[in-house]
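As structure tokens, the structure follows; a few thoughts come after it.
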Amino acid sequence: MKKDQEIFNLIDAEQKRQEEGIELIASENFVSKQVMDAMGSCLTNKYAEGLPFKRYYGGCEIVDQVEDIARERLKELFGAAWANVQPHSGAQANAAVMLAVLKAGDKILGLDLSNGGHLTHGSPVNFSGKIYEACFYTVNNDGLIDMDSVEEIALKEKPQLIICGASAYSRDWDYARFRKIADKVGALLLADISHPSGLIASGLLNNPLPHCHIVTSTTHKTLRGPRGGVIMMGEDFDNPWGLKTPKGVIRKMSAILDSGVFPGTQGGPLEHVIASKAVAFGEALSDDYKTYCEQVIKNAQAMANAFNEKGYDIISGGTDNHLMLIDLRNKNISGKKAENTLGLADITVNKNMVPKDDKSPFVTSGIRVGVAAVTSRGLKESDMQKIVDWIDQVITNPENETLIHSIKRDINAFMKGFKLYA
Ligand SMILES: *Cc1c(COP(=O)(O)O)cnc(C)c1O
């Protein structure tokens with residue numbers, strides 16, 4: 001069979017784009033060759049509805065082993081007692097959890113979207129805001145989550161589920177305090193660690209597993225695996241609603257969450273992606289990966305310092321993790337314009353709402369910048385200074401096409417010195 005030239009030429013063009021540009025989208029990363037190879041394997045041909053060793057299809061002996069290894073490696077990585085590696089994405093993991101533990105109309109409390117939260121934490125355009133009644137906490141004037149106000153809102157609203165975790169929050173989380181609040185109002189506590197999961201697995205940030213009832217994550221952000229999601233628990237427990245099996249036994253939360261994934265919200269699992277997750281979890285258990293995560297944090301802090309020196313307004317003043325959110329209002333450029341103009345120089349960032357934003361989500365006042373991807377390419381602290389210099393020149397001269405083209409040429413030449421695949 002001939003290769004589909006139309007598509008494979010586009011894949012080649014995308015590879016070139018990834019190789020030559022500076023990738024600063026905080027939710028992206030570059031996987032290893034073996035993570036990609038597992039994804040592009042014959043496991044895509046296999047149906048395997050159900051769980052390892054309990055399937056609704058024959059011929060699952062091999063994928064059973066693959067999925068079981070993925071679960072075991074993930075549990076080891078985070079110190080979890082239970083895990084499900086089938087969610088197709090982070091959004092699917094959250095949908096499965098909410099379907100499993102909530103009834104339509106129940107109340108959820110999450111971080112406001114314009115303050116760094118995620119669509120699946122109760123946005124009115126998402127299932128989570130349409131099926132459940134959402135209320136929100138915010139950050140304070142210093143850009144930090146105000147735990148006293150979280151408690152106040154929780155006591156007033158009495159949510160069934162509290163969610164901690166964000167897509168654009170650069171500080172660590174006080175999971176223990178969240179748990180105290182959840183216990184006070186009888187809520188379940190979910191931590192969505194989609195962004196910092198790799199840094200948590202490496203022990204560089206607080207681990208929510210000992211404090212939160214349930215933890216969800218993507219696998220493709222700092223964790224550097226294939227696109228996908230996972231659900232974990234630090235310990236299993238009897239469901240609080242007294243639900244029983246047909247034999248009269250109280251159902252465990254693990255069983256309720258498993259059925260939230262399948263048959264609740266998904267059909268057959270993607271065993272080729274699960275194999276790739278297993279490979280990525282194996283990599284994440286290595287010393288090399290811990291060194292990588294340490295470099296991610298060093299790079300993020302070097303970048304934040306460089307932005308601060310040039311008078312950029314970083315929300316909360318700096319970062320504990322791999323990302324930062326920058327309010328560009330003092331630089332007289334919108335998030336949209338900054339994203340587009342930086343794109344012309346092959347620097348990829350995304351526009352992002354900032355706290356108290358006065359612009360629409362299509363325009364925004366800020367950009368979100370993350371260093372997980374460039375750190376995988378091998379860039380170090382001194383390179384962060386160089387990147388900030390380029391960003392500053394573009395943002396302060398957005399109409400200067402000659403300058404932007406010459407920066408783009410410099411960047412393309414510079415990035416050729418760093419390999420795309422480890
Ligand atoms: C990225 C992200 C998700 C969604 O992940 P997808 O794989 O894009 O569905 C969910 N929650 C948070 C906090 C995220 O940052």
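Observations
Condition check ((1) of a type in the set (A, V, I, L, M); (2) open to solvent by 60 Å² or more (accessible area, probe 1.4 Å); (3) farther than 12 Å from Pro269 by Cβ; (4) assigned to a helix (DSSP H, G or I)) across all residues:
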position: Ile62; (1), (2), (3), (4): yes, yes, yes, yes
position: Leu74; (1), (2), (3), (4): yes, no, yes, yes
position: Ala91; (1), (2), (3), (4): yes, no, yes, yes
position: Leu109; (1), (2), (3), (4): yes, no, yes, no
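- Check on Tyr57, surrounded by fewer than 15 Cβ atoms within 10 Å (Cβ to Cβ) and outside any helix (DSSP H, G or I): yes
Yes/no per residue for (1) more than 16 Å from the ligand (Cβ to nearest atom); (2) part of a helix (DSSP H, G or I); (3) not assigned by TED's automatic domain parsing to the domain that holds Ser89:
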| position | (1), (2), (3) |
| --- | --- |
| Asp172 | no, no, no |
| Asp183 | yes, yes, no |
| His195 | no, no, no |
| Pro208 | no, no, no |
| Thr222 | no, no, no |
| Gly242 | yes, no, no |
| Pro263 | yes, yes, no |
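- A Cβ distance below 6 Å, combined with a sequence gap of six or more or placement on separate chains, defines the contacts here; from region 113-140, residues that are under 13 Å from Pro361 (Cα atoms) reach residues that are among the aliphatic types (A, V, I, L, M) and more than 10 Å from the ligand (Cβ to nearest atom) in the pairs Ser114/Met353; Asn115/Val139; Ser123/Leu113.
- Matching residues in region 150-186 - criterion: being closer than 21 Å to Ala304 by Cα, open to solvent by 10 Å² or more (accessible area, probe 1.4 Å) and either over 15 Å from the mean Cα position of the chain (by Cα) or not polar (S, T, N, Q) (or both): Ala166, Tyr169, Arg171, Asp172, Trp173
- Given (1) more than 16 Å from the ligand (Cβ to nearest atom); (2) touching a Cys at 6+ places or on another chain (Cβ under 6 Å); (3) assigned to a strand (DSSP E or B), index of the condition Ala191 fails: (1)
- Residues of region 81-120 satisfying the condition of being away from the ligand (no atom under 14 Å from the Cβ) and β-branched (Val, Ile, Thr): Val101
- Count of residues meeting criterion [open to solvent by less than 20 Å² (accessible area, probe 1.4 Å) and within 14 Å of Ala168 (Cβ to Cβ)] in region 305-319: 2
- Any hit, region 121-130, residues being of a type outside the set (Phe, Trp, Tyr), within 14 Å of the ligand (Cβ to nearest atom) and touching a Phe, Trp or Tyr at 6+ places or on another chain (Cβ under 6 Å): no
- Among the residues listed as Val273, Val215, the single one being open to solvent by 10 Å² or more (accessible area, probe 1.4 Å), touching a Gly at 6+ places or on another chain (Cβ under 8 Å) and at pLDDT 95 or above: Val273
- Where Thr216 falls short, out of the listed (1) within 14 Å of the ligand (Cβ to nearest atom); (2) of a type in the set (S, T, N, Q); (3) within 19 Å of Thr375 (Cβ to Cβ): (3)
- Residues of region 287-319 that are more than 23 Å from the chain's Cα centre (by Cα) and part of a loop (DSSP other than H, G, I, E, B): Lys310, Gly311, Tyr312.
- Residue within region 245-260 that is in a strand (DSSP E or B), surrounded by fewer than 16 Cβ atoms within 10 Å (Cβ to Cβ) and β-branched (Val, Ile, Thr) present: yes
- Residue match in region 131-141 (condition: under 17 Å from the mean Cα position of the chain (by Cα), at pLDDT 95 or above and open to solvent by 20 Å² or more (accessible area, probe 1.4 Å)): no
- Residue satisfying condition, being part of a loop (DSSP other than H, G, I, E, B), within 22 Å of Thr138 (Cβ to Cβ), away from the ligand (no atom under 12 Å from the Cβ) and in contact with a helix residue (DSSP H, G or I) (Cβ under 8 Å, 6 or more places away or on another chain), within set Pro269, Pro159: Pro159
- Any hit, region 145-154, residues being charged (D, E, K, R) and touching a residue at least 60 places away in the same chain (Cβ under 8 Å): no
- Inclusion of Leu189 among residues that are at pLDDT 95 or above and either crowded, with 23+ Cβ neighbours inside 10 Å or under 22 Å from the mean Cα position of the chain (by Cα) (or both) is warranted.
- Listed by first and then second residue, the pairs with beta-carbon distance under 7 Å, at least 6 apart or on different chains, first residue in region 82-110 and of a type in the set (S, T, N, Q), second part of a loop (DSSP other than H, G, I, E, B) and more than 12 Å from the ligand (Cβ to nearest atom), are Gln86/Gln266; Gln86/Pro269; Gln92/Gln266.
- Region 1-54, subset closer than 26 Å to Ser167 by Cβ and among the hydroxyl-bearing types (Ser, Thr, Tyr), residue surrounded by the fewest Cβ atoms within 10 Å (Cβ to Cβ): Ser32
The values are calculated or read from the model by the stated rules, or taken from the named source; none is laboratory data. What you see is a predicted model; the values in this text were computed from it and never measured. Using ideal geometry, Cβ is built from the backbone for each residue, glycine included, and neighbour counts are taken over all protein chains shown. Remember, those area values only see protein heavy atoms, side chains included, never the ligands or the DNA or RNA. Shrake-Rupley method; radii C 1.70, N 1.55, O 1.52, S 1.80 Å.
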